[in-house]
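*Asks:* I'd like to ask you about the structure that follows.
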Amino acid sequence: MAYQIISPSNSFVQFAEENSTIQSCEFADRDFCLPVFTANDVSFQFVIEADSEAEADALCDLTNSLTQIGIVYNCAEVFALEFTGNAERFRISAFQVLYNWANGLPAFDTIIDVGECFKIKVVIDGSNEFCSNCIQRIGDDCHTSVVEFTNDDNFAGYNYCNSAPVNESDSICDPTFISFTSLSNLSIAYTASLLAQYGNMPSIEVWGYVGTDLVRMPGIEVKFDSYPPNVISIDFGGTLSGVIKIRK
């Protein structure tokens with residue numbers, strides 16, 4: 001299987017970068033590493049484009065088992081730290097899957113010293129590897145800022161599953177996967193973009209881990225606060241880890 005990765009043009013985190021040189025039309029080019037102070041300083045998204053619909057189908061497995069994300073010191077190395085969380089996924093076309101990584105850099109400070117540089121690596125199907133630009137852990141947040149951006153519509157080069165996919169014309173945006181870990185209940189905001197994609201009454205499937213097996217759990221209570229819903233509330237009846245699947 002062959003995959004390509006596409007980064008939003010305005011994202012601070014860029015994949016498939018050969019180096020971290022910042023080009024300028026007014027000043028000399030310079031090498032620059034994105035400074036990170038806490039684990040929550042970094043969120044990012046990317047699109048994986050497959051060569052066939054079957055390859056894109058494989059990316060939409062419930063367990064997200066084809067995709068690994070973690071930290072490396074150098075791109076050619078194996079993970080120094082592989083993240084355990086999962087990205088939210090949206091099937092935005094026949095060949096493309098959008099990944100939203102909102103988990104930050106969990107436990108990065110256990111392996112990265114202050115002043116040390118590293119990169120984020122994405123591995124698809126064990127052999128398709130993509131590396132980010134340089135990131136550096138800093139020990140003081142003085143003279144730094146965290147820029148936060150979100151939207152219900154596609155804007156500024158970011159894709160929020162509410163318009164055409166990247167460089168393609170056929171948008172489907174179905175299904176959406178939301179992973180959760182050790183929760184007794186979950187509330188999902190049913191945004192304007194989700195409403196546009198899934199309509200007034202979306203189909204909600206709850207899949208939970210029983211041991212190491214991920215199984216569908218039809219008996220779990222799912223409530224909509226209105227019609228169409230503003231909030232989808234799910235009571236797991238106890239602590240559970242698993243995946244929520246939203247589709248038409």
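Quick note: the coordinates plus some simple rules give every number you see, no bench work behind them. Bear in mind that the values here come from a model prediction, so they are computed numbers and not experimental data. Ideal geometry is used to build each Cβ from the backbone, glycine not excepted, and the neighbour counts take in all protein chains shown.
*Asks:* Gain in length, ASP235 to ALA192, computed as 0.36 nm per residue apart minus the alpha-carbon separation, to one decimal in nm?
*Replies:* Working it through step by step, the gained length comes to 13.1 nm.
*Asks:* Mind checking the dipole of region 50-107: about its Cα centre, +1 per Lys or Arg Cβ, -1 per Asp or Glu Cβ, Debye to the nearest 20?
*Replies:* With Lys and Arg at +1 and Asp and Glu at -1, about 220 debye.
*Asks:* Which three numbers, in whole Å and largest first, are the semi-axes of the equivalent ellipsoid of region 3-137 derived from its Cα gyration tensor as √(5λ)?
*Replies:* Rounded to whole Å, the semi-axes are 26, 18, 13.
*Asks:* Follow-up question, since we're still on this one. If I stretch the segment between ASN185 and VAL210 completely, what's the gain in nm (0.36 nm per residue apart, minus their alpha carbon distance), one decimal?
*Replies:* Here the answer is 7.3 nm.
*Asks:* Using the alpha-carbon centroid of each, what span in Å lies between region 63-79 and region 97-140?
*Replies:* What the calculation gives is 9 Å, centre to centre.
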